[in-house]
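The structure under discussion appears below in the form of structure tokens.
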Amino acid sequence: FFFLMIRRPPRSTQSRSSAASDVYKRQTWHAPWKLMRVIAGHQGWVRCVDVDPSNQWFVTGSNDRTIKFWDLASGQLKLTLPGHISAVRAVLVSQKHTYLYSCSEDKTIKCWDLEANKIIRNYHGHLSGVTCLALHPELDVLISGGRDSTLRVWDIRTKAQVHVLEGHKHVVSTVITQEFEPQVVSGSHDCTCLLYTSPSPRDRQKSRMPSSA
């Protein structure tokens with residue numbers, strides 16, 4: 001993967017006021033949203049949330065080291081999964097498989113089989129806490145970011161670490177991935193966003209060629 005670094009240039013006071021004025025002119029009235037329900041059950045900060053593709057339940061991760069599943073219609077607790085030994089920082093429901101991925105300050109990423117409600121894979125490689133996750137929409141790879149300032153690309157089936165994406169100088173706090181270039185975009189506490197592009201077919205072919213001794 002290759003990356004580009006983007007720093008947003010400061011905007012002048014005049015451009016900011018002009019933009020604010022344009023937004024104000026375009027605003028229309030919308031009915032206010034209402035609080036539907038308050039759900040409690042974790043014993044620590046709730047760090048992350050994701051909703052299943054069928055819109056039947058949602059899942060949360062917390063500083064109490066547990067993952068909890070809740071019925072979306074009733075708000076009732078359906079299941080609690082222990083397994084991490086430190087705060088859960090991200091949970092991610094697969095759109096293609098009956099899997100849930102979670103990461104934690106304990107430096108691990110776990111793959112949960114939601115039919116058996118158990119851990120089926122552990123991904124090890126980060127040198128510090130893991131803070132964010134993203135699944136590629138086309139490839140069977142998982143992207144993770146951590147406190148070690150790296151992004152790591154994993155084969156979800158073999159657990160192999162395929163790539164280590166470097167460039168950040170501080171904690172990687174968020175990552176997204178898409179099928180188009182740039183395929184990975186990350187944000188960090190170093191105040192930068194990095195855009196990574198996948199290797200071209202020619203570069204991939206070069207990497208397979210044996211080096212001449």
Item to check | Given (1) at pLDDT below 95; (2) out of contact with any Leu (no Cβ under 8 Å at 6 or more places or on another chain), number of the condition Gln95 does not satisfy | outcome: (2)
Checklist entry - Within the set of pairs 6 or more residues apart or between chains, which connect a residue that is assigned to a loop (DSSP other than H, G, I, E, B) inside region 33-56 to a residue that is among the small types (Gly, Ala, Ser) with Cβ atoms less than 6 Å apart? => result Arg37/Gly75; Ile39/Gly75; His42/Ser62; Gly44/Ser62
Item to check | Answer residue from region 139-160, given it is in contact (Cβ under 8 Å) with a residue 12 or more places away in the chain and not in a strand (DSSP E or B) and is most open to solvent (accessible area, probe 1.4 Å) among those | outcome: Arg157
Item to check | Meets criteria (closer than 16 Å to Ser102 by Cα, among the polar types (S, T, N, Q) and either open to solvent by 50 Å² or more (accessible area, probe 1.4 Å) or at pLDDT 95 or above (or both)) for Ser211 | outcome: no
Next on the checklist: For region 166-186, give me each residue that is farther than 28 Å from Thr98 by Cα and either outside any loop (DSSP other than H, G, I, E, B) or open to solvent by less than 40 Å² (accessible area, probe 1.4 Å) (or both).
Outcome noted: Gly167, His168, Val171
Checklist entry - Which of the residues that make up region 106-138 are surrounded by fewer than 18 Cβ atoms within 10 Å (Cβ to Cβ), among the hydrophobic types (A, V, I, L, M, F, W, C) and part of a strand (DSSP E or B)? => result Ile119, Ile120
Checklist entry - Within region 86-95, is there a residue that is over 14 Å from the mean Cα position of the chain (by Cα) and either over 15 Å from Cys132 (Cα atoms) or in a strand (DSSP E or B) (or both)? => result no
Item to check | Close pairs from region 67-92: first among the acidic types (Asp, Glu), partner open to solvent by 40 Å² or more (accessible area, probe 1.4 Å), Cβ under 9 Å, at least 6 apart | outcome: Asp71/Gln56; Asp71/Trp57; Asp71/Leu77; Asp71/Lys78
Checklist entry - Could you say which residue among Asp50, Asp71 is acidic (Asp, Glu), out of contact with any helix residue (DSSP H, G or I) (no Cβ under 9 Å at 6 or more places or on another chain) and under 24 Å from Val172 (Cβ atoms)? => result Asp50
Next on the checklist: Can you confirm whether His163 is over 15 Å from the mean Cα position of the chain (by Cα), open to solvent by 50 Å² or more (accessible area, probe 1.4 Å) and under 19 Å from Tyr196 (Cα atoms)?
Outcome noted: yes
Checklist outcome for this item: Inside region 28-67, the number of residues satisfying the requirement of being modelled with pLDDT of 95 or more and of a type in the set (Phe, Trp, Tyr) is 3
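The values are calculated or read from the model by the stated rules, or taken from the named source; none is laboratory data. From a predicted model like this one, the values you see are computed outputs, not experimental measurements. Glycine also receives a Cβ, built like all others from the backbone with ideal geometry; neighbour counts cover every protein chain displayed. Note: areas computed on protein heavy atoms with side chains; ligands, DNA, RNA excluded. Shrake-Rupley method; radii C 1.70, N 1.55, O 1.52, S 1.80 Å.
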